[in-house]
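First the structure, in the form of structure tokens, and then the observations on it.
The values are calculated or read from the model by the stated rules, or taken from the named source; none is laboratory data. Computed from a predicted model, the values in this text were never measured in an experiment. Backbone-built Cβ (ideal geometry, glycine too); neighbour counts: all protein chains shown.
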Amino acid sequence: MAEVSATDSNNGGSIARVEKALLAFGLDSPIKRFGASTRTSADAAAAIGCEVAQIAKSLIFRARNTNLPVLVIASGSNRVDERKVEAALGERIAKADADFVRNQTGFAIGGVAPVGHTGPVKVFIDRDLQQYDVIWAAAGSPHAVFRLSPAELERITGGQVADIKP
């Protein structure tokens, strides 16, 4: 897939919000935009030319009691054990629908970034991402990603590293 430089007009605001957040954290990581979707971990890895496991996929859940959005950033090759997330959170979770994701984070499903949310989000980071020097995360659009290290991901999200795979 070819990288494109034009701003995705549908997601330009979301991408700009991520760019601004990255700069605020002192992370100089240019956002790469692609003509084809990077919505799935496999699509993103193919576009970037990395392993699927290096994709930091963002999954939003809804805490059942507090209605807080819970962001799980998982290795692209891993499934998420919701019971382990619940244990780490101390509260039951439910799958979040597209409206909840958009209303709580400001992002559309497939483009949820680890930073730049429009409201507070509780973050858990898959321990398996720690084995890589470089990982890639969504940048506010299903066509945009950025590069960072696992330590940078932890620093900019304030996320808790956890064992979340089955």
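Values for this structure:
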item: Criterion violated by Val112 - all others in (1) surrounded by fewer than 22 Cβ atoms within 10 Å (Cβ to Cβ); (2) β-branched (Val, Ile, Thr); (3) in contact with a helix residue (DSSP H, G or I) (Cβ under 8 Å, 6 or more places away or on another chain) satisfied; result: (1)
item: Residue match in the range 85-97 (condition: more than 21 Å from Ile15 (Cβ to Cβ), of a type in the set (A, V, I, L, M, F, W, C) and touching a Gly at 6+ places or on another chain (Cβ under 6 Å)); result: no
item: Residues of the range 97-151 that turn out to be closer than 19 Å to Phe25 by Cα and without any contact (Cβ under 8 Å) to a residue 12 or more places away in the chain, as a count; result: 1
item: Search result, residues across the range 122-137 that are part of a loop (DSSP other than H, G, I, E, B) and charged (D, E, K, R); result: Asp133
item: Conditions (1) of a type in the set (A, V, I, L, M); (2) part of a loop (DSSP other than H, G, I, E, B); (3) within 22 Å of Ser141 (Cβ to Cβ); number of the one not met by Ala74; result: (2)
item: Subset of the range 59-69 (residues that are among the β-branched types (Val, Ile, Thr) and farther than 18 Å from Gly110 by Cβ); result: Thr66
item: Which numbered condition Lys57 fails, given (1) more than 14 Å from the chain's Cα centre (by Cα); (2) closer than 16 Å to Pro142 by Cβ; (3) assigned to a strand (DSSP E or B); result: (1)
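Table: residues versus (1) within 24 Å of Ile125 (Cβ to Cβ); (2) acidic (Asp, Glu); (3) at pLDDT 95 or above.
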{"residue": "Met1", "(1), (2), (3)": "no, no, no"}
{"residue": "Asn10", "(1), (2), (3)": "no, no, no"}
{"residue": "Ala24", "(1), (2), (3)": "yes, no, yes"}
{"residue": "Ala42", "(1), (2), (3)": "yes, no, no"}
